[in-house]
């Protein structure tokens with residue numbers, strides 16, 4: 001086992017990587033980044049601790065806020081009725097609240113540390129240039 005195969009790039013975790021989804025691209029940080037941890041803490045402090053532990057609605061709101069403020073940095077190609085949607089704090093919350101599939105995708109990608117390994121990305125890019133489909 002080669003240790004460096006399992007070590008994430010700290011800069012990539014903090015500054016983010018672009019991930020494609022259904023014709024758009026989203027720049028995300030890792031859930032293992034300080035920004036995400038701060039966003040979770042800030043969202044939790046605004047809420048009743050008992051509700052955070054027991055109420056699914058409160059947990060969902062906390063998760064949306066944490067992803068919006070700690071994971072999602074930017075997007076390209078996101079439209080609503082053909083009109084481009086600007087990546088603003090309010091729009092992040094609105095998009096993540098409405099588009100549950102997108103929210104789940106971003107949460108999954110942000111927690112997949114393979115997305116934040118410089119070596120793996122270089123290998124994936126090399127495979128793609130050679131005609132292989134990444135992830136298949």
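The values are calculated or read from the model by the stated rules, or taken from the named source; none is laboratory data. All values reported here derive from a predicted model rather than from experimental measurement. Virtual Cβ from ideal backbone geometry, glycine too; neighbours counted across all protein chains shown.
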Of (1) within 28 Å of residue 118 (Cα to Cα); (2) modelled with pLDDT under 95, residue 27 fails just (2)
Filter pass, residue 74 being in contact with a strand residue (DSSP E or B) (Cβ under 7 Å, 6 or more places away or on another chain) and under 19 Å from residue 108 (Cα atoms) | yes
All but one of (1) surrounded by fewer than 16 Cβ atoms within 10 Å (Cβ to Cβ); (2) modelled with pLDDT under 95; (3) assigned to a helix (DSSP H, G or I) hold for residue 32; which doesn't?
-> (3)
Looking only at segment 1-24, and only at residues there that are modelled with pLDDT of 90 or more and in a loop (DSSP other than H, G, I, E, B), the one that is farthest from residue 76 (Cα to Cα) | 16
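Name the one entry in 50, 90, 39, 44 that is crowded, with 18+ Cβ neighbours inside 10 Å and not in a strand (DSSP E or B).
Within the list 50, 90, 39, 44, the selection yields 39.
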Would you mind stating whether residue 102 is in contact with a helix residue (DSSP H, G or I) (Cβ under 8 Å, 6 or more places away or on another chain), at pLDDT 95 or above and in a helix (DSSP H, G or I)?
-> yes
